[in-house]
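To keep things clear, I will list the structure first and then write my remarks on it.
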Amino acid sequence: MSRSHFSADELTAFWRTVMDPDGIGPSRKVAMELAAFTGEPIEQVERKMQSAWSDFNDLWHTAHVDTADEKSVANFYRDQFVEAYELAHWHAGETFGSFPLNYAKAALHAKRLGLRRALDFGAGIGSGSIALSVAGCEVYSADVANELLRFVGHRLEGRGIAAHLLDLGIGQLPPKGYFDLITCFDVLEHVPDQLAKIRELTTYLRPGGYLFVNFYDDPIGEDHAMHVSGAGDWLRLTRKTSLLPLWDSFDGFLQVLQYKPYGRLINFAASIKDRAQGFSANRGK
Ligand SMILES: C[S@@+](CC[C@H](N)C(=O)[O-])C[C@H]1O[C@@H](n2cnc3c(N)ncnc32)[C@H](O)[C@@H]1O
């Protein structure tokens, strides 16, 4: 893969077309989509978007989740819908005063490289699935949260996009060896065993396929109660898989990894070199 950074303006403009195709404002547009889905008045949706971050945290603190058990964590996400308002607020650029742009980066990479079959793993409210579709991909949207997934279907239908929804909570798994790319953004820190999860994701990629992911080395803390694991030194983590880091396409918020059938062997040899040279993910940035 050639060096493929996109300008902030390009990424922002692309994300705007995803979130606000009619030019009514990204926050208003997603609030309207939520209101049409839930039947709530739009003002109520907008109020919920404002308070969603603390509402969602409160829900977590009352849920008594066993953070070492993937099923227990997944059960927490399964039936709630509060997260939809939180993600809507964030995707509309309201939470931090700027848009989250990882999906825009992945979608523009996909377009540039002619990648077609995409899996949006941990799809949330489907903004990323829309982005990948706008970039020309056939998108499968997978999540454990079934109400969020129904909302993804509603949004995609509203945009005239064919939905392929996978409800992971009832065992609907992506096809093996099928995908040109997988996006897994802001999901791994909600999964107790990150290594097992990225190994699982690798099985859904065709040889040469890409995993677009954002690892957090240590995301656990008071402000992030729902983060149950960290990747640590993610280079060490990925050296235990068949995924090879594509250093050229990294930035501070995104890692791009490519699946090679003999990647595990290549990584094993590279891990010896890494250790000899004192090389770590942080130095590789
Ligand atoms: C912070 S949201 C990110 C959503 C979306 N990727 C985005 O960036 O907007 C985390 C998502 O991961 C999902 N999730 C949590 N545990 C999961 C698991 N074990 N497998 C798949 N998805 C999971 C949640 O339901 C939620 O939709």
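Read the figures in this text as sums done on the coordinates, not as results from a lab. All of these numbers come straight from a predicted model, not from anything done at the bench. Cβ: placed from backbone, ideal geometry, glycine included. Neighbour counts: every protein chain shown.
Structure summary
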{"quantity": "Approximate spin-label separation Asp167-Trp247, in nm, with each point projected 7 Å along Cα-to-Cβ", "calculated": "4.6 nm"}
{"quantity": "Order by protection proxy (mean Cβ within 10 Å, highest first), peptides 77-87, 240-250, 116-126", "calculated": "116-126, 77-87, 240-250"}
{"quantity": "Approximate spin-label separation Asp58-Arg159, in nm, with each point projected 7 Å along Cα-to-Cβ", "calculated": "3.1 nm"}
{"quantity": "Length released on extending from Ser271 to Thr67, taking residue separation times 0.36 nm less the Cα-Cα span", "calculated": "70.5 nm"}
{"quantity": "Over the stretch 174-279, relative contact order from alpha-carbon pairs under 8 Å, at least 6 apart, %", "calculated": "26 percent"}
{"quantity": "Where N is the number of residues in the stretch 1-135, Cα Rg divided by 2.2 N^0.38 Å", "calculated": "1.15"}
{"quantity": "Neighbourhood net charge (14 Å Cβ-Cβ; Lys/Arg +1, Asp/Glu -1) for Val18", "calculated": "+1"}
{"quantity": "Listed peptides 193-201, 131-139 by packing density, highest first (mean Cβ within 10 Å)", "calculated": "131-139, 193-201"}
{"quantity": "Under 19 Å from the Cα of Lys29 - lysines, other chains or at least 8 residues apart", "calculated": "Lys48"}
{"quantity": "Helix runs (DSSP H) in the chain reaching 27 Å along axis by Cα, Kyte-Doolittle at least 1.6", "calculated": "none"}
{"quantity": "Estimated FRET transfer efficiency (Lys240, Gln50; beta-carbon r; R0 35 Å; 0.05)", "calculated": "0.25"}
{"quantity": "Relative contact order (percent, whole number), the chain, Cα cutoff 8 Å, 6+ residue spacing", "calculated": "15 percent"}
{"quantity": "The chain: antiparallel DSSP beta bridges as a percent of all, rounded to 5", "calculated": "35 percent"}
{"quantity": "Within straight-line cross-link reach of Lys71, aspartates and glutamates at Cα separation under 19 Å, skipping those fewer than 8 residues along the same chain", "calculated": "Asp79, Glu83, Asp143, Glu147, Asp167, Asp186, Glu189, Asp193, Glu200"}
{"quantity": "Per-peptide average of other Cβ atoms within 10 Å, ordering 102-115, 58-71, 253-266 highest first", "calculated": "102-115, 253-266, 58-71"}
{"quantity": "Extension gain, Ala225 back to Ala35 (0.36 nm per residue minus Cα-Cα distance, nm)", "calculated": "65.6 nm"}
{"quantity": "Cα-based Rg / Dmax (Å) for the chain", "calculated": "18.4, 61"}
{"quantity": "Dipole of the chain, positive end: most advanced residue of Tyr262, Phe76, Asn57 [Cβ charges, Cα centre]", "calculated": "Tyr262"}
